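A short worksheet on the structure shown next.
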Amino acid sequence: MSTIWGEGHLVRWRASCRGSLRVDDSAGQLSSTLEGEKMKNKLNGWQRLWVVLSAIYLAIVIIFTWSSWPAKRQIENSWVYSLINATKDPEDYAYEIREAYKDIPDGELIQRINAKYSEKPEYKEILNATNLKYQTEIQSLGKNQFKTFGIALLAWLIPVGLIYLLGVAIGWIYEGFRRE
């Protein structure tokens, strides 16, 4: 047993081999107990299985959400290909053109294509429409990311919650038959 000073009076404490800690005030009365001794583990085997499977399913949802997460880089990449397709010769391939300019970042290439072709009347309308489309996508990127997060959260919560409720219902029905 050890003695320490706490909260203005002498406190004795002792640790048992089970990991519990008893704190006695100077009068020798029990004043606190660790959570491990106070609370029993209340999850049965089926609930523990549900927790483990829910965690595994959460990892799967996170992986799928990560792979489909909207990003500015993706939007700019699509924007570049759309501009290249709008301004290229019909017999050229957009990926070959983009490959030729691979050392130039997407944002800079967008500016260069617009600077080169925006004054030409045959390209002006399609470039304006393409630019407007992708500028709107970039402006709504935060909202789309929040929406993706919400969908992922619901894609995890709804099945996990329904499976838990189904298990509770089956247990309730089983208990009803057992009592008779």
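If we keep just the residues of the range 24-62 that are basic (Lys, Arg) and either under 29 Å from the mean Cα position of the chain (by Cα) or within 22 Å of Trp156 (Cα to Cα) (or both), which is modelled with the lowest pLDDT?
Here the residue is Lys42.
For the range 134-157, which residues satisfy the criterion of being free of Cβ contacts under 8 Å to residues at least 40 places away in the same chain and more than 15 Å from Thr65 (Cβ to Cβ)?
Those that are free of Cβ contacts under 8 Å to residues at least 40 places away in the same chain and more than 15 Å from Thr65 (Cβ to Cβ): Gln135, Thr136, Gln139, Ser140, Gly142, Lys143.
Take the conditions in a helix (DSSP H, G or I) and outside the structural domain of Tyr57 (by TED's automatic domain parsing) and apply them to Glu108. Does it pass?
Against the criterion (in a helix (DSSP H, G or I) and outside the structural domain of Tyr57 (by TED's automatic domain parsing)), Glu108 qualifies.
The values are calculated or read from the model by the stated rules, or taken from the named source; none is laboratory data. Everything quoted here is computed from the prediction, not taken from an experiment. Note that each Cβ is placed from the backbone with ideal geometry, even for glycine, and that neighbours are counted across all protein chains shown.
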